[in-house]
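Structure first, then comments.
Bear in mind these aren't lab numbers, they're just calculated from the coordinates by the rules spelled out. Worth saying up front: this structure is predicted, and the values here are computed from it rather than measured. All Cβ positions, even for glycine, are placed from backbone atoms using ideal geometry, and neighbour counts span all protein chains on display.
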Amino acid sequence: MRRECKEPKFSYVICTTPRSGSTLLTTTLGQTGVAGKPDESITLSFREEVRRAKQLGTQDFREYIERAITASTTENGVFGTKLHAFQTMAFLTRISEFRSEPIVSLQAAFNRQFPNTRYIFLTRGEKVKQAISYYRALMTDEWHRLSKTGEIERVAGPISFDQYGIKKSLAFIERSDAYWESYFKAHKLSPLRLTYEELVGSYESSIRRVLDFLGLPADVSVPGQVVQKMGDERAIAWEKEFLSLEKVAPATVSILSDILLAPY
């Protein structure tokens, strides 16, 4: 028998780009027990969605979305999700399919499925560092490290500096950030703005800013960090080499970035 979807009383979305600290933010918010359990279940790749469907115990698409929403909603009715710019078309498509009706824009999808959504815009100030981190993650398939009993999971293989790969990653990040800025401007939205640097530099106060923005109790305990920082000396050296070769400010670096983005 199909389970009933837990209808959220309140919803929010973390609008972001890869390597911005989003895993740290979503993991922490999920651990508070009151801020939803934000993840990417609705917009996972085919391979990851199949794995997630098995975890949720379903082989039916509509039931998968229902259970994904329920799994991302805490007992107080708060639903949270994370959405990268490149996932917006997939989000729009899946909500349209889930509701069995044509939905033509990202905002319409949110309004139809998650009315009165609040937005958190998570970015990273040092774009070249972010691009290097993204390039390395793509090449190694190591996206984060979680601390378990004092150990760090490591799956990365050796990769070498690649100017073109980093430049392509930088263009991807810049276009993604620009998409979210245009989305907020088009709909006159005022998201909570948070940076990677603020999150890692003032961890607890940043989490409390988010909780306050969501209207959640101030006395919620903030758990310790379980996501480990992946930057190292090699990344610093690559940044210097990249900037030396480009001889331009990061904001002026331009290369075609092929991202499929949803209409606003």
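If you bin all the Cα-Cα distances of the stretch 1-130 at 10 Å, starting from zero, the percentages per bin are 12, 44, 36, 7, 1, 0.
Rounded to the nearest 0.05, the FRET efficiency derived from the C-beta distance between Val104 and Phe213 at R0 = 22 Å is 0.15. Taking the longest Cα principal axis of the chain as reference, the axis of helix 233-246 is set at about 70 degrees. Around the amide H of Thr73, modelled in the peptide plane, lie the amide H atoms of Lys37, all under 5 Å away and 5 or more residues distant in sequence or on another chain. Among residues other than Lys167 with Cβ under 11 Å from its Cβ, the summed charge is -2 (Lys and Arg +1, Asp and Glu -1).
DSSP beta bridges in the stretch 10-252, what fraction antiparallel, as a percent rounded to 5? Walk me through the numbers on the way to the answer.
Numbers: 5 of 20 bridges.
Antiparallel bridges: around 25 percent, rounded to the nearest 5.
Legend: residue pairs Lys82/Lys168; Lys82/Lys240; Lys127/Lys167; Lys129/Lys167; Lys37/Lys185, Cα-Cα distance threshold 20 Å; pairs beyond threshold, Lys82/Lys168; Lys82/Lys240; Lys37/Lys185. Structure remark: mean-square fluctuation, Gaussian network model of the chain, C-alpha springs under 10 Å; the largest value among Ser206, Ser22, Ser244 belongs to Ser244. With Cα atoms defining each centre, the stretch 205-227 and the stretch 79-141 are spaced 22 Å apart in the structure.
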